[in-house]
1. Is it the case that Ala52 is modelled with pLDDT of 70 or more, open to solvent by less than 40 Å² (accessible area, probe 1.4 Å) and over 40 Å from the mean Cα position of the chain (by Cα)?
2. Can you tell me which residue within segment 367-381, out of those that are open to solvent by 10 Å² or more (accessible area, probe 1.4 Å) and assigned to a helix (DSSP H, G or I), is nearest to Met450 (Cα to Cα)?
3. Which residues, counting only those in segment 266-292, are in contact with a strand residue (DSSP E or B) (Cβ under 7 Å, 6 or more places away or on another chain) and not hydrophobic (A, V, I, L, M, F, W, C)?
4. Considering only segment 176-194, state which residues are assigned to a helix (DSSP H, G or I) and among the hydrophobic types (A, V, I, L, M, F, W, C).
5. I need the full set of residues from segment 241-276 which are open to solvent by 30 Å² or more (accessible area, probe 1.4 Å), within 31 Å of the chain's Cα centre (by Cα) and of a type in the set (A, V, I, L, M), in order please.
6. When you scan segment 347-358, do you find a residue that is basic (Lys, Arg), modelled with pLDDT of 75 or more and more than 12 Å from Val447 (Cβ to Cβ), even just one?
7. Considering segment 412-457 alone, what residues qualify as being of a type in the set (A, V, I, L, M, F, W, C), in a loop (DSSP other than H, G, I, E, B) and under 16 Å from Ala371 (Cα atoms)?
8. Restricting to segment 410-449, count the residues that are more than 22 Å from Ile365 (Cβ to Cβ) and either open to solvent by less than 80 Å² (accessible area, probe 1.4 Å) or modelled with pLDDT under 85 (or both).
Amino acid sequence: MKSLALGAVPLFTLDRADPTPLQRQIYDGYRAAILRGQLRPGEQILSSREFAAELSVSRFPVLNAYAQLLAEGYLESRVGAGTFVSTSLPEQQMSVEIPGRAPAVPSGPRPVSRRSSLYPSIPSLAYVRGWGSFGVHQPAFDQFPFAIWSNLVARHSRNPHVRAIHHTDPRGAERFRSAICDYLRTARGVHCSADQVLIVSGSQQALDITARVLLDPGNSVWVEEPGYSLQRAVLTAAGCRLIPVPVDEAGMDVETGIKRSPRARAAFVTPSHQYPLGSTMSASRRIQLLNWAHSAGAWVIEDDYDSEFRYESLPIASMHGLDRNARVIYVGTFSKVLFPSLRLGYMVIPADLVDRLVYKERRSILIDSLAREFPAQSGFEVHGVEAGMHLAMTLPPGLNDREISARAIRSRLWLWPLSPSYTTTPPRHGFILGFGSSLPAQIPRAVRLMRSLVPSA
């Protein structure tokens, strides 16, 4: 071991017996000293050559550690002067976790949404240690053709098609959606086009998207009794009124559902293999459910989570295949036929819902980002969020939307001014913001850039 001190403050200890690379030890030591305030903003540090000599190590790990610290903003280099602790860091000790220190203790207000308490806790220990006997939803991993899977992944990753790299269709790759259509047509009796398929990260996201788009707080929805607990949590968090409908050997008892809530907005069912009792919904009840949905103007969400596994007969045809009034949203997953960690599922949706389901996420992200950056109490107002592919935001008095739009163009931000839409004077100033062509990950950054261009009200 060799310790190094700068002035009277020990910087860190270099342990050659530690399997941690020297580069990382040097990086961690400097970062910890800076975060603790032992090295102050603007203070010069030893050159890489001097530091390597002091430690009796090669210069390369020192150079690499310095490069990382420079890239992350802990250090700054001044031409002809040397390397210094970054002056953009605050003088006081920072409230961040320091390597080698005990984990941070939660403190201060820690607000979370009320609906977050409605979701069940995750049994994390089971995920870490793996499942034992009788694990639910776990396929036979020992039977999975991992060699074939690895070869396919390697082949397609080695020479990816340029369209796959730059693909931006929010529904997912068209070839993939078309392949799903072919499979569903032959295996599940689902007749659809690729335009109706939406790729999601598992059936749980499909459930969440469905609740966001189809349901409003206060809506009544039928759920199977007993049923899927996470489904109930999502619907409860969406503010829905759950109507438990009993399940027997023929599936959901539709007559009871009609008696309890004839004008419910939706029914969530697992007709091919009910969860958890395992019954199959009879043909008569399927038809009865579809007839009710048509007359009530309701939706049927068919969760077909493991229909591929049928032991005493061919797989049961989907309810979607019986639907003639475009009332069924079909949800499928690859968690069982492949493996759960792939987090891959799909939805088949009526053609008239495609735009709402695809653009709903972008709209929600834009609204949330605007609320953070442009608080209503400062005079900013958002309008027209209920439908469409754009919304409007009006500005406080004294701000000129055309001037701001002109500056925004230079930053490749397209803010369409609202004032030219008025014929009367004075017009309201603001922006018309389209979200259809914006990737979800880009929206928060674009709104922050927009805020930097708008003068304080």
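The values are calculated or read from the model by the stated rules, or taken from the named source; none is laboratory data. Predicted model, so just to flag it, every value in this text is computed and none were measured. Using ideal geometry, Cβ is built from the backbone for each residue, glycine included, and neighbour counts are taken over all protein chains shown. We work out accessible area using only protein heavy atoms, side chains counted, and drop any ligands, DNA or RNA first. Shrake-Rupley method; radii C 1.70, N 1.55, O 1.52, S 1.80 Å.
1. Details: modelled with pLDDT of 70 or more: yes; open to solvent by less than 40 Å² (accessible area, probe 1.4 Å): yes; over 40 Å from the mean Cα position of the chain (by Cα): yes.
So Ala52 passes the test.
2. Residue satisfying both the conditions and the ranking: Glu373.
3. Thr270, Pro271, Gln274, Ser279, Thr280, Ser282, Arg285 - these are the residues of segment 266-292 that are in contact with a strand residue (DSSP E or B) (Cβ under 7 Å, 6 or more places away or on another chain) and not hydrophobic (A, V, I, L, M, F, W, C).
4. Listed by number, the residues that qualify are Phe176, Ala179, Ile180, Cys181, Leu184, Ala187, Ala194.
5. Scanning segment 241-276 gives a single hit, Leu242.
6. Within segment 347-358, the subset basic (Lys, Arg) is 356.
Subsequent filtering for residues that are modelled with pLDDT of 75 or more retains none.
Scanning segment 347-358 turns up no residue that is basic (Lys, Arg), modelled with pLDDT of 75 or more and more than 12 Å from Val447 (Cβ to Cβ).
7. So the first thing to find is which residues in segment 412-457 are of a type in the set (A, V, I, L, M, F, W, C), and the list is 413-416, 418, 431-433, 435, 439, 441, 443, 446-447, 449-450, 453-454, 457.
Next, only the ones that are in a loop (DSSP other than H, G, I, E, B) stay: 413-415, 418, 435, 439, 454, 457.
Phe435, Val454, Ala457 - these are the residues of segment 412-457 that are of a type in the set (A, V, I, L, M, F, W, C), in a loop (DSSP other than H, G, I, E, B) and under 16 Å from Ala371 (Cα atoms).
8. Looking only at segment 410-449, we keep the residues that are more than 22 Å from Ile365 (Cβ to Cβ), and these are 410, 417, 419-429.
Among the residues that remain, those that are also either open to solvent by less than 80 Å² (accessible area, probe 1.4 Å) or modelled with pLDDT under 85 (or both) are: 410, 417, 419-425, 427, 429.
Selection size over segment 410-449: 11.
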